[in-house]
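Chemist: Pasting a structure below so you can have a look.
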Amino acid sequence: MTDERDPRSSELADGLAATARRIAAAATAAGRDPAEIGLLVVTKYFPADDVVRLLRLGVREFGESREPEAGRKTAAVRARVDVDFAVDMIGRVQRKKAGGIARWARRVHSVDSLPLIEAFDGASARALEAGDRDRTLGLLLQVSLDGDPERGGLAPAELAPAAERVLASPDTLSLDGLMAMAPLGADPDEAMERLARIRADFLRRFPHAVELSAGMSGDLEAAIAHGSTCVRVGTAIMGTRPIVSL
Ligand SMILES: *Cc1c(COP(=O)(O)O)cnc(C)c1O
């Protein structure tokens, strides 16, 4: 797998290079420094072997969306490769899974309720106590841009109370910023512009919560134009996800 003739590694390297070019072009077009924009490579549904290949290609930040698969995969990779890397939880979270997630996630991007924040407060405390983590759990509040309960997210008016709740637990949690997904079928540019306005309001009240996790394979240009600091890219790097039944 270290072999550069490994076809899967070449495919991943090509996807990474193409994505880096898109990010750089979008940043330049927006008058931003490409270095301000982080890339999470979304490895959900792909095997630990692919994560190891990506680590060898220099990737150090990953996004996963399913627990407990993500925790198992992360542990398997850590046992095989002696480099530091971070994995963020980006998918919808069930409260009962908070304990597992707090053991491996650097940050959770998809926080959209007060009970979930409570759950992560307790889960982070236990993970810190057990030595499973050594720093606070970063939370990003997911903003709903369409009110669709299936896709999750808080209404704009619910953001401030949720942020206050996160800030009330500085020993276990940190308020990193906001996350959103463009509504299905919507014009991503309009959606991201709306997100940028919501974020500007939010930053006036919570000026340290500077992360904006927005943009995926299909709409990263629009997200970067409207202030994204972290794009979450799966398909454009990994290829089409295998179809699995849940
Ligand atoms: C799967 C997923 C992504 C990656 O989507 P692609 O279109 O494959 O780039 C990004 N964000 C979230 C929340 C996801 O679940």
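Chemist: If each of Ala125 and Glu150 carries a label point 7 Å out from its Cα toward its Cβ, how far apart are those two points in nm?
Modeler: 3.7 nm
Chemist: Looking at Ala13, Gly185, Ala102, which one has the Cα that reaches farthest to the positive end of the dipole of the chain (charges on Cβ: Lys, Arg +1; Asp, Glu -1)?
Modeler: Value: Ala102.
Chemist: If you don't mind, there's one more thing I want to ask. To the nearest 20 debye, what is the magnitude of the charge dipole of region 143-207 about its Cα centre, counting +1 on the Cβ of each Lys and Arg and -1 on the Cβ of each Asp and Glu?
Modeler: Values: 7 positive and 12 negative charges, 58 e Å.
It works out to roughly 280 debye.
Chemist: So for region 105-246, what are the equivalent ellipsoid semi-axes in whole Å, largest first, each being the square root of 5 times an eigenvalue of the Cα gyration tensor? Intermediate results must be reported in sequence, preceding the final value.
Modeler: On the way: eigenvalues 129, 76, 38 Å².
After scaling each eigenvalue by five and taking roots: 25, 20, 14 Å.
Chemist: Give me, ordered by chain and number, the residues 5 or more places off Gly63 or on other chains with an amide H under 5 Å from its own placed amide H.
Modeler: So Gly63 has HN proximity to Val41, Val42, Thr43, Asp88.
Chemist: Multiply the residue separation of Ala20 and Arg92 by 0.36 nm, subtract the distance between their alpha-carbon atoms, and state the gained length in nm to one decimal.
Modeler: Stretched out fully, the Ala20 to Arg92 stretch lengthens by 23.3 nm.
Chemist: Heavy atoms only, probe 1.4 Å: what % of the accessible area of region 8-119 goes to carbon and sulfur, would you let me know?
Modeler: 51 percent
Chemist: Would you mind working out the accessible area per residue for the chain, using a 1.4 Å probe, and quoting it in Å²?
Modeler: 47 Å²
Chemist: Moving on. What are the residues whose amide H is under 5 Å from the amide H of Leu173, where those residues sit 5 or more places off or on another chain and H is modelled from the backbone?
Modeler: Correct list: Leu137.
Chemist: With Kirkwood's inverse mean 1/r over C-alpha pairs for Rh, give me the Rg to Rh ratio of region 132-195, two decimals please.
Modeler: Looking at region 132-195, the ratio lands at 1.06.
Chemist: Quick one: compute the contact order of region 7-238, relative version, from alpha carbon pairs under 8 angstrom and 6+ residues apart, as a percent. Write down the numbers at each step before the final one.
Modeler: Working: 414 pairs, mean separation 47.7, N = 232.
Relative contact order here is 21 percent.
Chemist: Considering the Cα positions of region 7-238, please state its Rg to one decimal place and its Dmax as a whole number of Å.
Modeler: 17.0, 49
Chemist: Now for a different question. Give the percent of DSSP beta bridges with both residues in the chain that are antiparallel, rounded to the nearest 5.
Modeler: Antiparallel bridges: around 0 percent, rounded to the nearest 5.
Chemist: Here's a follow-up. If you plug each phi of region 14-19 into the Karplus form 6.51 cos²θ - 1.76 cosθ + 1.60 with θ = phi - 60°, what whole-Hz ³J(HN,Hα) values come out, in order, with x for Gly and Pro?
Modeler: 5, x, 5, 5, 5, 5
Chemist: I need the trypsin sites (Lys or Arg not before Pro) found in region 87-161, filtered to DSSP loop residues with at most 13 other beta carbons within 10 Å of theirs. Display every interim value, and only then the final one.
Modeler: Numbers: sites: Arg92, Arg95, Lys96, Lys97, Arg103, Arg106, Arg107, Arg126, Arg133, Arg135, Arg151; in loops: Arg92, Arg103, Arg106, Arg133, Arg135, Arg151.
Taking region 87-161 and a limit of 13 other Cβ atoms within 10 Å, the loop trypsin sites (Lys or Arg not before Pro) found are Arg135.
Chemist: Under 5 Å between amide H atoms, partner at least 5 residues away or on a different chain: which partners does Val111 have, H built in plane at 1.01 Å?
Modeler: Correct list: Leu140, Gln142.
Chemist: Show me, for region 173-178, the HN-Hα J-couplings you get by feeding each phi into the Karplus relation (A = 6.51, B = -1.76, C = 1.60, θ = phi - 60°), rounded to Hz, glycine and proline as x.
Modeler: Per residue, the Karplus-derived 3J(HN,Hα) values read 10, 10, 8, 8, x, 10 Hz.
Chemist: Please give the contour-minus-distance gain from Arg72 to Arg241: 0.36 nm per residue of separation, less the Cα-Cα distance, rounded to one decimal in nm.
Modeler: Result: 59.0 nm gained on full extension.
Chemist: Which whole-Hz couplings ³J(HN,Hα) result when phi for each residue of region 212-225 is put into the Karplus expression 6.51 cos²θ - 1.76 cosθ + 1.60, θ = phi - 60°, listed in order with x for Gly and Pro?
Modeler: 10, 8, 7, x, 10, 3, x, 9, 5, 4, 4, 5, 5, 4
Chemist: How far is it, in nm, from the label point at Glu193 to the one at Leu57 when both lie 7 Å from their Cα along the line to the Cβ?
Modeler: About 3.4 nm, to one decimal.
The values are calculated or read from the model by the stated rules, or taken from the named source; none is laboratory data. As the structure is a computational prediction, the values presented were derived from the model and not from experiment. Neighbour counts are summed over all protein chains in view; Cβ atoms, including those assigned to glycine, are modelled from backbone coordinates with ideal geometry. Just so you know, the surface numbers come from the protein's heavy atoms only, side chains and all, with ligands and any DNA or RNA stripped out. Shrake-Rupley method; radii C 1.70, N 1.55, O 1.52, S 1.80 Å.
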